[in-house]
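First the structure, in the form of structure tokens, and then the observations on it.
The values are calculated or read from the model by the stated rules, or taken from the named source; none is laboratory data. Bear in mind the structure is a predicted one, so any value in this text is a computation, not a measurement. Cβ placement follows ideal geometry from the backbone for every residue including glycine, while neighbour counts extend to all protein chains displayed.
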Amino acid sequence: MAFGIYPGGLLGDDQGIIHPVRPDEPDRINAALDELQGEADTLAVRAYRSFASTVTPPPPPPTPADPRACLQRGRTLDLVLQFREPSGDLDGWPEFVREAVRTGGPDLASVQICEEPNLNLPAVDGSTPNVLNALVQGVIAAKQEARSLGRRVAVGFNAVPTFDPSDTFWSDLGTLSDACFLQSLDYVGLDFFPDVFRPVPADQLAGAVTAVLTAFRRTGLPQAGIPDTVPLRVCENGWPTGPGRPERKQAAALDTVIRTVAGLAPELNIDGYSLFALRDADSNAEGLFHHFGLLRDDYTPKPAFATYRQLIKELGGSSVGG
């Protein structure tokens, strides 16, 4: 599989945006990325940009602020374009997407359109009106621009697991999607965090991962008319430390999850995995969302850092494009 990671400190929680207690330090971030990458040819660097034509409320700032500074030693850019227009107006959105592809350059390996469009929380796009139309139009615009430039850029979108049988996200998407959309779609991503928001016993973690990924592939995607030939990838997964969450358990949980994902890759057509995140937003905070990092906020490593480095060495492959 291809591996990646989000190297920034800023993130969203169920209330809004969390700003890191320490600023990004590019030299230390690159040193950590170099160590994680090891002898692998590449490592995907995940970054986020937001679209909004209005200034109130302002959209989240780009994060990391300068992702290109991380693109050393063959690392590639995995760019997320969030639709954060409060009115839901699509005017300017397709051109925003096209411009991002144009300026991404040869290091741009993938573009994700919208962030968690089926989750209604303030920091993600499921809370934005008209997000499904933005998703469909954005995927088509990104692929058209990549093709016009002759660049191999994987274009897709992501979602979170659906546990509510009355949720109509996938069927609603199926109503909007057409041949142009499906022909533009190179992957569908899954953001999921087993044993984070709902406790899972350690001996049941692999089974829970298998169940979520299988349901996503076999139940969710078919409702939108997305065939098995479109690859899946895990776009965000992590396990936070903090009060009552030992650092050693983070390493064990990530090892179980990633090995399970890799084992399911041939059956479910999974082509990549990206970890959230490189470092904590605030290692001394009590909040759950502050502690997802493989590094503490002072850039010192937790045990899971070595675990992810070893998994990349053992299971890693080439970067994925489209």
Exercise. Taking segment 21-57, which residues are touching a residue at least 12 places away in the same chain (Cβ under 8 Å), of a type outside the set (S, T, N, Q) and under 30 Å from Ser87 (Cβ atoms)?
Worked result: Arg46, Ala47, Tyr48, Arg49, Phe51, Ala52, Pro57
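For residues in segment 198-225 being outside any helix (DSSP H, G or I) and free of Cβ contacts under 8 Å to residues at least 12 places away in the same chain, which is farthest from the chain's Cα centre (by Cα)?
Filtering segment 198-225 for residues that are outside any helix (DSSP H, G or I) and free of Cβ contacts under 8 Å to residues at least 12 places away in the same chain, the one farthest from the chain's Cα centre (by Cα) comes out as Pro201.
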Exercise. So is Ile258 surrounded by 18 or more Cβ atoms within 10 Å (Cβ to Cβ), in contact with a Lys or Arg (Cβ under 9 Å, 6 or more places away or on another chain) and closer than 18 Å to Phe192 by Cβ or not?
Worked result: no
Exercise. Conditions: (1) exposed (fewer than 15 other Cβ atoms within 10 Å of the Cβ); (2) outside any loop (DSSP other than H, G, I, E, B); (3) touching a Pro at 6+ places or on another chain (Cβ under 8 Å). Thr54 meets all but one. Number of the miss?
Worked result: (2)
Seminar exercise, completed: Residues of segment 34-51 being assigned to a loop (DSSP other than H, G, I, E, B) and either more than 20 Å from the chain's Cα centre (by Cα) or exposed (fewer than 14 other Cβ atoms within 10 Å of the Cβ) (or both), in sequence order, are Gly38, Glu39, Ala40, Asp41
Seminar exercise, completed: When Cys180 is run through (1) crowded, with 22+ Cβ neighbours inside 10 Å; (2) over 18 Å from the mean Cα position of the chain (by Cα), the failure sits at (1)
Exercise. Any chance segment 235-243 includes a residue that's surrounded by fewer than 19 Cβ atoms within 10 Å (Cβ to Cβ), over 19 Å from Arg75 (Cβ atoms), out of contact with any helix residue (DSSP H, G or I) (no Cβ under 7 Å at 6 or more places or on another chain) and not hydrophobic (A, V, I, L, M, F, W, C)?
Worked result: yes
Exercise. So, of the residues in segment 165-197 that are touching a residue at least 40 places away in the same chain (Cβ under 8 Å) and of a type in the set (Ser, Thr, Tyr), which turns out to be nearest to Phe292 (Cα to Cα)?
Worked result: Tyr187
Exercise. Any idea which residue in segment 65-84 is farthest from Ile312 (Cα to Cα), counting only those that are at pLDDT 95 or above and in a loop (DSSP other than H, G, I, E, B)?
Worked result: Arg84
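Residues checked against (1) part of a helix (DSSP H, G or I); (2) polar (S, T, N, Q):
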position: Asp255; (1), (2): yes, no
position: Ala262; (1), (2): yes, no
position: Ser274; (1), (2): no, yes
position: Ala281; (1), (2): no, no
position: Glu286; (1), (2): no, no
position: Tyr299; (1), (2): no, no
position: Phe305; (1), (2): yes, no
position: Arg309; (1), (2): yes, no
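Run down Gly88, Gly105, Gly126 and say which single residue is surrounded by fewer than 24 Cβ atoms within 10 Å (Cβ to Cβ), part of a loop (DSSP other than H, G, I, E, B) and of a type in the set (Gly, Ala, Ser).
Criteria check complete, one pass: Gly88.
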Exercise. Taking segment 1-33, which residues are of a type outside the set (Gly, Ala, Ser), closer than 19 Å to Glu236 by Cβ and not in a loop (DSSP other than H, G, I, E, B)?
Worked result: Phe3, Ile5, Leu11, Ile17, Ile18, Ile29, Leu33
For this session: Restrict the check to segment 286-301 and report whether at least one residue is of a type in the set (Phe, Trp, Tyr), out of contact with any Pro (no Cβ under 9 Å at 6 or more places or on another chain), over 14 Å from Phe3 (Cα atoms) and at pLDDT 95 or above.
Result: yes
Exercise. Is it true that Phe157 is of a type in the set (Phe, Trp, Tyr), within 30 Å of His19 (Cα to Cα) and crowded, with 19+ Cβ neighbours inside 10 Å?
Worked result: yes
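Residue by residue, here is whether (1) in contact with an Asp or Glu (Cβ under 7 Å, 6 or more places away or on another chain); (2) aliphatic (A, V, I, L, M); (3) under 20 Å from Pro227 (Cα atoms) holds:
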residue	(1), (2), (3)
Pro122	no, no, no
Asp125	yes, no, no
Thr128	yes, no, no
Val131	yes, yes, no
Ala134	no, yes, no
Ala146	no, yes, no
Gly156	yes, no, yes
Phe163	no, no, no
